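All remarks here apply to the structure that follows.
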Amino acid sequence: MNHKLLYFLFGCVGLIGLSSCNADKFLDVDHYSILPADQMFTSEEKAAIGLDGVYDMLWPTQNGTFQETDWNYKPQLLTGGHTTLDTQASGWDAQWNNQQWAADDRDLGPGWRYAYAQVGRANNFIAGLEKLDEQTRKSWKSYDQLDGQAHALRGFFYLWLVENFGKVPMLLEGETYSNTPEKAAASSDSEMWDYLINDFMIASEKLDWKPQNGEYGRCTKGMALSYLAECYLWKAYRERVAAGSELKPVSTNESLENVRKAKDLLEQVVNSGVYELQPCYSTLWDPGEAWNKEAVWQVVVDMGDGNYNKWDQDCHIYNNFYAASPNMSRRAGWGTEFLSWELYFSFENGDKRRDYSLCTNPVQGMPDSLRSKYCYGYNPFLQEKIGPTRITDRTKKQAAYMFVSSGDYMPAVWSLKMWRTQRCSSNWSNDGIHNPSHFYQKRYAGVLLDLAECLFRLNGPDDATAWSYIDQVRNRAFGNLEVGKKSAIESKFLPWYQNLYGGSNYADYKQVTSYPVPLNETSVTVPRAKEYYTKYANESNDLHKSFAAYGLQPWEVALGQERRKEFNSEFYLKADLQRSEFLIPDIECNYPKGVGVPNTDPDKLNNWHTYRTWDFDVQKLVMPIPTSELLRNKKLSQNPGY
């Protein structure tokens, strides 16, 4: 029950620095499972320990009942990334790129059970607080904080369930996965979303903008308000679908009222002054800082100082191995996460998000205008070559657009968000698989884009304030917020990469004295979003089909494309694209059916297109209820389409 494994639940002990929000400590706690009810609420101190047991479910574990060693990466990568086709997979995960996932998928069942285990812990905790007498409640100075955080955590896990599985059983206070083995799913979308709205509303009313005791990693008012707004946007989306269809949603007075509520909440977050965009987009994924001002809600997986390259059952995570390029002579990742060339080619020249988050094979014939100066055949953060050699002479033999993995042709593009902080090697059991990783669940950039969406829906396609929020995100993307901050950025984020020099598995690593991808020292002109996307929406070429011909307005294209570029390899992308009605047009226009060549074609290696053979099935917008749950809970029925 108390493993006495002292660790920073969302930060590290040394190598990830303190938050830019001037916190003097992270959420520094013992590693607890939930305390029994007869002990948990005998004192305010023990109740706080019990709440740690609810937070504990954010952390991956290889021990105990759940064995979710990859939680926060899988199944989120599959449900939130692969379903967009912007991330792709081979081998046993290949079905996630053709809508062939099934109810007995090896990741869906454990993900469902893990989320409901957290819901059960939160329910027990909330029920215990509710049973306290009025005098005790008033005497506990942290009562509102404890109650607000528990509701926010329950809402967060439920949000993952409902966004992915649709209508699911909504367990009430005191009900758990064990003591309520059978319960019917919510009877309507409104019932389900109102449940989540209530959780985040309670949390937003009881929590402060700053985390309790300055412990970053705890739920805050900003987190609760942002997710409360997201729930209203989801409810509005479901109302539009009910009035029309998934292919042709229809706006209604009821849906617009929920959008208006979301707008008011998001404006509170923006006007709070608590959050701002990180000056350098790249450093969001660097060790050196956790809980920067852009982080509205995140989980930082970090074993802590002195624990790298060691086997640890409670902190074991493979995400850099999953995301790493397998195309190296001395080292090999598993290649669970490839990114599409359609995503890579969507970036404008000068948009630094491409070089900060994607690297590629060195490809024969790739135009110079599309080829990265820093990430072409190379991971600049780890100084790893991709392909037979780092190509600088374009006359030499070069690698192809595709990489053969598990018998499948996969796009030779890899994530520099996930494959960034440690090298992989064939000696995976003790050689660098434990790497610090930022899993952002909600960033301020997303808040700005959500608010822009609200304003467009309420005020029309020419709303200047909405366009200005998109321009804020794009201004950072082109590096203008880095100007004048080079010294400060490098002093904070270079030490990690300098410490790699001379380490195990880094014999060829050269000491670095500047940031791996050069920072902007002068401002650049950024194309205005409205003008750029008005033209982009009407184009039809080899990179994408006409969005205007599909029926989208420039603002819809702007939000959808910016979300793809901003949040690639962040696993709430599918949910954002779906509720904003961009997911289906994204697949149809960015990944048109029948374009490219099949795996059986000898020219496949030299053709970058994702070859889609299937028609989009709107029933696959929700996942199947896991088979194990249908057998366990006779009151559940399978979702349509499975």
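The values are calculated or read from the model by the stated rules, or taken from the named source; none is laboratory data. Keep in mind the model is a prediction, meaning the values are calculated, not measured. Heads up, the Cβs are rebuilt from the backbone with ideal geometry, glycines too, and the neighbour counts pull from every protein chain shown. The protein model used for the area step is the full one, side chains on, heavy atoms only, and it has no ligands, DNA or RNA in it. Shrake-Rupley method; radii C 1.70, N 1.55, O 1.52, S 1.80 Å.
Restricting the first member to the range 90-112 and to residues that are more than 18 Å from Phe338 (Cβ to Cβ) and modelled with pLDDT under 90, and the second to residues that are among the aliphatic types (A, V, I, L, M) and in a helix (DSSP H, G or I), no beta-carbon pair is closer than 9 Å while six or more apart or on different chains. Of the residues Lys620, Lys593, the single one that is touching a strand residue (DSSP E or B) at 6+ places or on another chain (Cβ under 6 Å), of a type in the set (Lys, Arg), surrounded by fewer than 22 Cβ atoms within 10 Å (Cβ to Cβ) and closer than 26 Å to Ala102 by Cβ is Lys593.
Would you say Pro554 is surrounded by 21 or more Cβ atoms within 10 Å (Cβ to Cβ) and not basic (Lys, Arg)? Write out each step before concluding.
Details: surrounded by 21 or more Cβ atoms within 10 Å (Cβ to Cβ): yes; not basic (Lys, Arg): yes.
The answer is yes for Pro554.
A search for C-beta distances below 6 Å between a residue of the range 397-426 that is touching a residue at least 40 places away in the same chain (Cβ under 8 Å) and within 22 Å of Ser504 (Cα to Cα) and any residue that is surrounded by fewer than 23 Cβ atoms within 10 Å (Cβ to Cβ) and among the acidic types (Asp, Glu), counting only pairs 6+ apart in sequence or on different chains, returns Ser425/Asp431. If you go through the range 153-161 one residue at a time, do you hit one that is more than 23 Å from Gln578 (Cβ to Cβ), open to solvent by 50 Å² or more (accessible area, probe 1.4 Å), touching a residue at least 12 places away in the same chain (Cβ under 8 Å) and not basic (Lys, Arg)? Within the range 153-161, not a single residue is more than 23 Å from Gln578 (Cβ to Cβ), open to solvent by 50 Å² or more (accessible area, probe 1.4 Å), touching a residue at least 12 places away in the same chain (Cβ under 8 Å) and not basic (Lys, Arg).
Checked against (1) surrounded by fewer than 15 Cβ atoms within 10 Å (Cβ to Cβ); (2) within 25 Å of Ser245 (Cα to Cα), Leu583 passes all but condition (1). Of everything listed in (1) of a type outside the set (Asp, Glu); (2) over 18 Å from the mean Cα position of the chain (by Cα); (3) not in a helix (DSSP H, G or I), the single unmet condition for Ser569 is (2). Name the residue that is farthest from Thr283 (Cα to Cα), counting only residues in the range 474-501 that are open to solvent by 70 Å² or more (accessible area, probe 1.4 Å) and in a loop (DSSP other than H, G, I, E, B). Residue satisfying both the conditions and the ranking: Tyr501. Can you tell which of Met192, Met223 is buried (at least 23 other Cβ atoms within 10 Å of the Cβ), of a type outside the set (Gly, Ala, Ser) and over 28 Å from Ser272 (Cα atoms)? Step by step, each of Met192, Met223 is checked, and only Met192 is buried (at least 23 other Cβ atoms within 10 Å of the Cβ), of a type outside the set (Gly, Ala, Ser) and over 28 Å from Ser272 (Cα atoms). Taken over the range 239-251, the criterion of being open to solvent by 40 Å² or more (accessible area, probe 1.4 Å), out of contact with any Ser or Thr (no Cβ under 8 Å at 6 or more places or on another chain) and either over 20 Å from Leu583 (Cβ atoms) or in a helix (DSSP H, G or I) (or both) is satisfied by Ala242 alone. Pairs meeting the criteria (first residue in the range 238-265 and under 27 Å from Met223 (Cβ atoms), second residue among the hydroxyl-bearing types (Ser, Thr, Tyr) and surrounded by fewer than 16 Cβ atoms within 10 Å (Cβ to Cβ), beta carbons under 7 Å, at least 6 apart or on different chains) are Glu239/Thr252; Arg240/Ser251; Arg240/Thr252. Number of residues in the range 596-617 that are over 27 Å from the mean Cα position of the chain (by Cα) and either open to solvent by less than 40 Å² (accessible area, probe 1.4 Å) or closer than 20 Å to Val363 by Cα (or both) equals 11.
Residues that are surrounded by 24 or more Cβ atoms within 10 Å (Cβ to Cβ), out of contact with any Ser or Thr (no Cβ under 6 Å at 6 or more places or on another chain) and of a type in the set (A, V, I, L, M) are absent from the range 171-186 altogether.
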